[in-house]
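Quick notes on the structure that follows.
The values are calculated or read from the model by the stated rules, or taken from the named source; none is laboratory data. The model shown is predicted, which means the values in this text are computed figures rather than measured ones. Positions of Cβ are backbone-derived with ideal geometry, glycine not excepted, and every protein chain shown enters the neighbour counts. Please note that ligands, DNA and RNA were not included when accessible areas were found on the heavy atoms of the full protein model with its side chains. Shrake-Rupley method; radii C 1.70, N 1.55, O 1.52, S 1.80 Å.
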Amino acid sequence: MNIESPIERDDVSTLRAAVDAAARQIPPVWPLASYVAVNPYLGQTAETLAETAARLARVGGVPVTMKRSWYLERITAGEITDADLGAALAVCPRAEKPGDVGALKAAAAKARPAPVALPTVADLVAEASGTDWPGLIADRFGVFAEGYTDNGQALWAAPRGRSAWAAFCSYATHDLTPEMMGLSGFARFVADAGEDPMETVARATRRLGIDEAARATYFHQLLFSLGGWAQCARYYLWRAELAGETDRTIADFLAIRLLWEEALFVQHEATIADAWARARAAHAEPLQPVPDDVVDTILQEAAERSAQRGLAMTLEASPPKPRDDRPVLQAAFCIDVRSEIFRRALEAVDPAIRTIGFAGFFGVFTKHRRFASDVEELRLPVLLNPTVTSCSGDASEENEDLAYRYAARAKRAWGRFKLAAVSSFAFVEAMGPVYIQRLLRDTFHLNPMPVPNDPAPRFEPALDLATRIGAAETVLRAMSLTSGFGRVVMLAGHGANVVNNPHASGLHCGACGGYSGEVNARLLALLLNDLDVRKGLVERGIEMPADTWFVGALHDTTTDDVTLYDQDTPSPAHASDLDQVRQWLAAAGQVTRGERALRLPRATRQGDIPGRARDWAEVRPEWALAGCKAFIAAPRARTAGRKLEGRAFLHDYDWRQDGPRGFGVLELIMTAPVVVASWISLQYYGSTVAPAAFGSGNKLLHNVTGGIGVFEGNGGLLRAGLPWQSVHDGERYIHEPLRLSVIIEAPIDAMNAIIEKHEMVRQLFDNGWLHLFAMDDAGQISHRYRGDLDWEGMRADAERSEAA
């Protein structure tokens, strides 16, 4: 193989821009320790669903909607009505759409062939030679990438301090597998590639004949073919850019994948030249949805309008009679859909209980160190940077801290001894019987589940008084909690206590960066119990009764137990109140488990739920956020008493308090919680409609690699997204793939101003990745956002659907 001279006449800036644009088509994936939901279509939010269908069909053969039989089943059952189909048809701007509802229904009855990606050079050579080159590239790249990205799992770690390109070149010059499979001279080809990966990109692009028009989707396709490894590299870039820096790992990965393409092309050019010329020309064509894409996206819109119609009917139900007496308990929960069931149950226990929905990090943007740990955990939305730091424990617990550290080191050493290359064999033989008791306890779910119980967290360094007062005011106004305080105000973060689950952090609080939310809740309770802070709040128009006491808590969403951290700032005067609160929480937990048992496989009553958390063979300990379909930002009175089935994010918001201050809280809601909810919703959507591309496969086959992610099997591509068991119960889909409906009680002009100000938010709404509705003063959905800052009354929308 020959290597041509480095970059000659290529426009380097144009080439770099094409590489960067392709990188931004790839969504990031977070490591397993802080795994959060990510929108798999993050790179396509500037496009509509139909345009994304054309793109993903070209680069990966990936569908963006369900099979037509799924929609036809709902049309036949009457769930999707002719009015829904007519409305979806009417709003579709594509000229290729069916002429009327009858034609649309006829199209729905015809199965569509699965989309087929354009072939890469590796695909063409595989077809010509009979050797699975795409599979071999995935395997060899996976071997390299799992070592390079290892996050502390490997006993023999790969060398650090080199770029991905340099590390790969060193690895590939010693890997003879490609040459054994027929790619002669590959090690030498890599060795001669040079130190600058952009030179390889430029040279390979010229040799393959990829012109500027073809680069966009071809480069995207190559990164897409690397699966979760490209997403891991995109994560490195995401984190670097949040810190004001950059990272070239994903660009190096693209150069590596191009190097494979070039090497295969050099050896097989004569055989594949014509087929490659056709593929190359197709990449240069503008992306254009085909009529089948248009039909599928109209059917998806109709399914969503059906769900929105049902949601509107639920909200039209008569609300409970509002109470104006002092609450016996105010309980603030995360907006997470799992909290909706518990909140409804808790309010039913005693009508004098009020619940509040707020983002689960409780406005505390902290970088936290747990007790006896130096690991810094970013307990805040991944869209943002921390503004404070905190830690658990203080100088009085120095001895306990040291003892914990010694114990942790001993445990790590023992673990490495068990897994070492030589000792592991003797260990199994000699120590196996010692583990019989533990195996039995694990098998029969006899081990107690530990609850996070670090000493009280504190800000480190401590915040000055003015900062504390400002933070307290900001959070209380964001919660629309500035008056009417109860005697006890519980701030409940949430987490999930499960065993043998690599994706356990994905069950925790997404707003807390994939960690449980008790740290943030406890920090806020500490802040709001500070008497100096309360005095300062009075000057800012927020006055609390002297007997109001805040307590941090943790809601375990797997067992629906709630732990109170009342010893952080003890209050003997509230001891009897806490006894009553614990009884209310226990009763609400029982009701919640009973409702959840109706959906979980092999569960028939509430008592079946707690054991699932301790069962190391349980692949569905809970449904997490499966089924999510709506986000509602309004006073609790608008949703209280309505059975939303654990499918709605509920954020308390009163625009009448926020409006005189410039709608700052509304802007925060629309740019942070709404965006995070869209990531969650669209991850479930993608993992359902395209599990092979955007899901992580079967839990039973997962192997953790590098602490970063999982293989489905023993190697190959890193699998990102949700496991199949998170969206399917073995017989049917549990998650309905619907784009999120966002309902906000606020003036339309205020929402428009925020949409116009934030391009990212505007893309989500204007391109249909989220639906936006306005709620009126009566708690009814009054207007639908049509895009481009235009709204339509719901009555006019209904009339237009009937006309269609």
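Things worth noting here:
- Rounded to 10°, Cα long-axis angle of helix 249-284 versus longest principal axis of the chain: 50 degrees
- The share of accessible area on the chain that comes from carbon and sulfur is 54 percent, using a 1.4 angstrom probe.
- Charge dipole (debye, nearest 20) of the chain; +1 at Cβ of Lys and Arg, -1 at Cβ of Asp and Glu: 1400 debye
- Distance from the C-alpha centroid of region 486-534 to that of region 55-124: 42 Å, rounded to the whole angstrom.
- Over the chain: helical MRE at 222 nm, DSSP H runs n ≥ 4 each giving -39500 (n - 2.57), nearest 500: -14500 deg cm²/dmol
- Per residue solvent-accessible surface (Å²) - the chain, probe of 1.4 Å: 41 Å²
- Each peptide in 722-733, 151-162 receives the mean, over its residues, of other Cβ atoms within 10 Å, and ordering these scores from highest gives 722-733, 151-162.
- Label of the coordinate-derived value, Cα extents along the principal axes in Å, listed as (1) 84, 76, 52; (2) 87, 67, 64; (3) 101, 68, 59: (1)
- Residues M449, M181, M313, M670, sorted by accessible area with the largest first, give M313, M181, M449, M670 [1.4 Å probe; ligands and nucleic acids excluded].
- Taking 28 Å as the straight-line reach from the Cα of K629, the lysines in range (excluding those fewer than 8 positions away in the same chain) are K67, K97, K105, K110, K321, K643, K699, K757.
- Region 552-675: C-alpha gyration tensor shape, a/c 1.5 cut-off, then a/b vs b/c: oblate
- A Cβ-based charge dipole, computed about the Cα centre of region 497-573 with Lys and Arg at +1 and Asp and Glu at -1, lands at about 220 debye.
- Surrounding net charge for A279, when Lys and Arg each add one and Asp and Glu each subtract one, Cβ distance under 14 Å: -3
- Largest first, the residues D652, D464 sort by 1.4 Å accessible area into D464, D652.
- Signed unit charges on C-beta, dipole axis of region 318-458, positive-most listed residue A352, A430, F371: A430
- Tensor-based shape of region 131-248 (alpha-carbon gyration tensor, a/c under 1.5 rounded, otherwise prolate or oblate): oblate
- Among 510-521, 183-194, 250-261, the order from most to least packed when residues are scored by Cβ within 10 Å on average: 510-521, 250-261, 183-194
- Measuring nothing but how far apart in sequence close Cα pairs (under 8 Å, 6+ apart) lie, relative to its length, the chain scores a relative contact order of 18 percent.
- Ranked by the mean number of other Cβ atoms within 10 Å of their residues, highest first, the peptides 380-393, 528-541 fall in the order 380-393, 528-541.
- Of T639, H651, A626, farthest towards positive along the dipole that unit charges on Lys, Arg, Asp, Glu beta carbons give region 605-660: T639
- Bridges between two residues of region 354-411, per DSSP, are antiparallel at a rate of about 50%.
- Region 210-301 - charge dipole about Cα centre, Lys and Arg +1 at Cβ, Asp and Glu -1, debye rounded to 20: 300 debye
- Distance from the alpha carbon centroid of region 582-633 to that of region 239-307 works out to 40 angstrom.
- Averaging Cα coordinates gives a centre for region 317-363 and one for region 749-795; these two points are 26 Å apart.
- For the chain, share of DSSP beta bridges that run antiparallel, in % to the nearest 5: 40 percent
- Taking Cβ separations below 4.7 Å as the criterion for a possible disulfide partner, the isolated cysteines in the chain are C92, C169, C232, C334, C391, C628.
- Prolate/oblate/rounded label for region 40-146 (Cα gyration tensor, a/c 1.5): prolate
- Cβ-based charge dipole, the chain, positive-most Cα from S483, H735, H574: H574
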